[in-house]
Amino acid sequence: MDRLRTRLTITCGFLLFVLACFFSLSGDWSGLFSRESASRMLELVTSFFPLELSATFLRKAAYATLETLAISWIGTLLAVIAGLFFALPAAHMWGAFLQGMARIVLNVLRAVPELVWAALFVIAAGLGPFPGTLALAVHTTGVLGRLFAEALENAPREPYLALRRHGVGPIAAFSYGLLPHITPQLASYTLYRWENNIRAAAVLGVAGAGGLGQMLYYHMGLFHFHETGTILLAMLLLVGLVDTCSNWLRMRAIR
Amino acid sequence: MLLAKPQPWHDPAWPGRVTSTVIFLLLLLPAGYITEFNPAVFFDATSLRASKQFLATFFPPAHSLEFLQLLVQSAWKTVAIATVGMVLALGMALPCSLVANRALSLSRLGRHRMGLLPAIVRAGIRWILSILRSIPELVWALLFVRAVGLGDTAGVMAIALTYGGMVGKVFLEIYEAQDTRAAEALLVNGAGRLQAFCYGTLPSCLPELLSYTVYRWECAIRSSVILGFVGAGGLGQQMELSMRMLNGGEVLSFLLVFILLVWIADRISKGLRTWID
């Protein structure tokens with residue numbers, strides 16, 4: 001009976017909340033599903049064709065694709081290094097105080113989205129792919145740091161402690177006693193974030209941080225629809241390619 | 001002669017390690033070049049001055065009464081965009097995942113192979129869902145800002161489409177990971193597909209479906225802030241305006257509210273999920 005009541009309360013509260021959300025938005029919901037807006041959407045999609053396929057544009061798009069790939073890759077790599085660096089204190093390796101500090105840092109890094117980091121870095125370092133790379137790296141450090149710390153906490157400590165007791169230095173003991181346990185997990189988290197980051201890198205350009213996103217924003221702003229279509233296609237291909245690569249690498253890493 | 005041979009000092013796995021390190025370094029250099037990797041740009045005089053000026057405006061965070069009103073209003077708007085987007089996403093994902101569910105195939109009953117037309121329809125829906133979710137929500141938002149103009153509707157549609165694709169796919173995976181025999185038994189005995197689904201599949205997977213939905217709602221709040229950056233309404237749009245005017249105090253307030261919002265959503269979502277399980 002009591003359970004039924006809580007269930008009813010939560011369901012009703014939830015419905016009221018959803019209704020309030022619908023009413024507080026200014027949008028005209030009847031217009032959204034009307035024939036007119038559907039035809040406008042269709043018009044937008046058809047205006048992408050024929051795609052812009054001139055050699056100069058394709059070369060530019062290919063370079064931007066490469067740039068996006070490089071941004072996601074370097075960003076993830078930096079995040080792995082920094083994440084591991086913060087994960088060690090966050091996993092209670094060096095006492096409670098450092099653990100608390102490291103957790104706060106990781107939480108803040110993670111809480112601010114990539115795009116906001118990118119906008120901030122663009123102000124500090126100017127336009128270009130470098131601030132985008134750093135933005136990805138900073139946000140991903142927060143995410144990976146927490147995941148790595150959890151992996152470290154769940155790994156068995158005995159081999160590490162045994163090595164330490166036999167006089168092995170802390171770094172060597174960590175690399176041979178603890179790291180091998182968690183490498184498959186680290187690799188799989190890293191690949192998962194790489195898949196995420198390629199999507200993020202593709203859109204970071206909107207904040208002026210290079211890559212396909214910047215091109216997309218530029219051409220869309222000037223109503224160059226054929227170019228926009230090509231860039232969207234390049235994005236789809238890139239994301240598909242990275243997903244395939246990452247799946248393959250994950251199979252290898254976990255085996 | 002049971003003495004083991006003295007172990008060689010070198011690493012037995014070295015060929016693989018050396019090769020992967022070399023490949024890794026070969027890839028690293030051009031990637032570093034392409035991303036114009038150069039931390040020194042932060043420390044040259046002009047950018048130091050720019051960041052110093054901008055950072056100096058961060059404190060104190062803006063807190064005038066009108067601004068706080070704006071803050072609360074846009075935070076609520078962000079939540080509303082995420083929620084409505086999520087409801088529309090469910091409205092798309094549920095029917096799609098029902099139609100594409102292989103376990104509910106009538107033509108497959110008793111012969112272990114689906115008819116050609118049902119197979120094509122199911123594959124087609126899966127394909128559409130996959131395209132919907134491969135395009136990042138920010139790009140959808142850009143497209144919708146072009147199609148329906150600046151404002152909340154673009155954000156709602158972007159979330160609805162991307163999340164519809166994701167939720168549809170995950171729902172399908174959840175249905176098909178269940179034991180399908182109950183639904184099949186119902187179908188064989190003449191139940192309709194909807195009946196077979198409601199009484200054969202749904203009872204065992206409802207908690208999982210609900211908890212995934214709640215988790216996605218939390219993600220939708222995060223991304224609706226980001227969507228604001230391209231003009232799709234809510235907290236992000238205001239933050240972008242303040243950032244453009246280099247008004248650090250307002251940016252800081254927006255960031256704090258955003259972090260608070262995400263934290264609250266995280267708490268609610270965790271609470272609901274433990275309650276569901």
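Within chain B, the longest run free of exposed loop sites, counting trypsin sites (Lys or Arg not before Pro) that sit outside DSSP helix and strand states (H, G, I, E, B) and have at most 12 other Cβ atoms within 10 Å, spans B:114-277.
Which one, A:Ala62, A:Gly167, A:Leu152, projects farthest toward the positive side of the charge dipole computed for the range A:60-254 from Cβ point charges (K/R +1, D/E -1)? Result: A:Gly167.
The relative contact order of the range B:65-276 comes to 28 percent, based on Cα pairs under 8 Å that sit 6 or more residues apart. Straight-line cross-link reach from A:Lys60 at under 16 Å between alpha-carbon atoms covers these aspartates and glutamates, not counting any fewer than eight positions away in the same chain: A:Glu52, A:Glu227. Neighbour counting of Cβ atoms within 10 Å sorts the residues B:Phe229, B:Phe197, fewest neighbours leading, into B:Phe197, B:Phe229.
For the range A:177-255 versus the range A:37-90, the inter-centroid distance based on Cα atoms is 6 Å.
Rounded, prolate or oblate, given the Cα gyration tensor of the range B:94-162, with a/c below 1.5 counting as rounded?
Details: a/c = 4.36, a/b = 3.48, b/c = 1.25.
Taking the square roots of the gyration eigenvalues as a ≥ b ≥ c, the range B:94-162 is prolate.
3J(HN,Hα) along the range B:226-232: 5, 4, x, 4, 9, x, 9 Hz, from the Karplus curve 6.51 cos²θ - 1.76 cosθ + 1.60 with θ = phi - 60°, whole Hz, x for Gly and Pro. Take every pair of alpha-carbon atoms less than 8 Å apart whose residues are at least six positions apart; their mean separation over the length of the range A:60-254 yields a relative contact order of 28 percent. Taking a ≥ b ≥ c as the square roots of the eigenvalues of the alpha carbon gyration tensor, the range A:60-254 is prolate, as a/c is not under 1.5 and a/b beats b/c. Exposure proxy shown here: for B:Val170, B:Val84, the number of other Cβ atoms within 10 Å sets the order, fewest to most, as B:Val170, B:Val84.
Of all aspartates and glutamates in the structure, the ones whose alpha carbon falls short of 17 Å from that of B:Lys270, not counting any fewer than 8 places away in one chain, are B:Glu208, B:Glu218. Shown in residue order for the range B:185-202 are the 3J(HN,Hα) couplings computed by the Karplus curve 6.51 cos²θ - 1.76 cosθ + 1.60 at θ = phi - 60°: 4, 4, 4, 4, 8, x, 6, x, 5, 5, 4, 4, 5, 5, 9, x, 9, 4 Hz (x for Gly and Pro). Ordered by the number of other Cβ atoms lying within 10 Å of each residue's own Cβ, fewest first, B:Tyr33, B:Tyr212, B:Tyr175 fall into the sequence B:Tyr33, B:Tyr212, B:Tyr175.
Rounded if a/c is under 1.5, else prolate if a/b beats b/c, else oblate: with a ≥ b ≥ c from the C-alpha gyration tensor eigenvalues square-rooted, which is the protein assembly as shown?
Details: a/c = 1.41, a/b = 1.13, b/c = 1.25.
Judged from the Cα gyration tensor, the protein assembly as shown comes out rounded (a/c under 1.5).
Cross-link partners for B:Lys52 among the aspartates and glutamates, with Cα-Cα distance under 18 Å and sequence neighbours closer than 8 places in the same chain left out: B:Asp44, B:Glu250. Taking every residue in A:203-215 and counting other chain Cβ atoms within 10 Å of its Cβ, the average works out to 3. The Rg/Rh ratio for the range B:138-277, using Cα coordinates for both the radius of gyration and the Kirkwood hydrodynamic radius, is 1.15.
Each residue of the range A:143-160 is assigned a 3J(HN,Hα), and the resulting list reads 5, 5, x, 5, 5, 5, 4, 4, 4, 5, 5, 7, 6, x, 8, 4, x, 4 Hz, derived from the Karplus form 6.51 cos²θ - 1.76 cosθ + 1.60 (θ = phi - 60°), x at Gly and Pro.
Bear in mind these aren't lab numbers, they're just calculated from the coordinates by the rules spelled out. Please read these numbers as outputs of a predicted model, since none were measured by experiment. Glycine also receives a Cβ, built like all others from the backbone with ideal geometry; neighbour counts cover every protein chain displayed.
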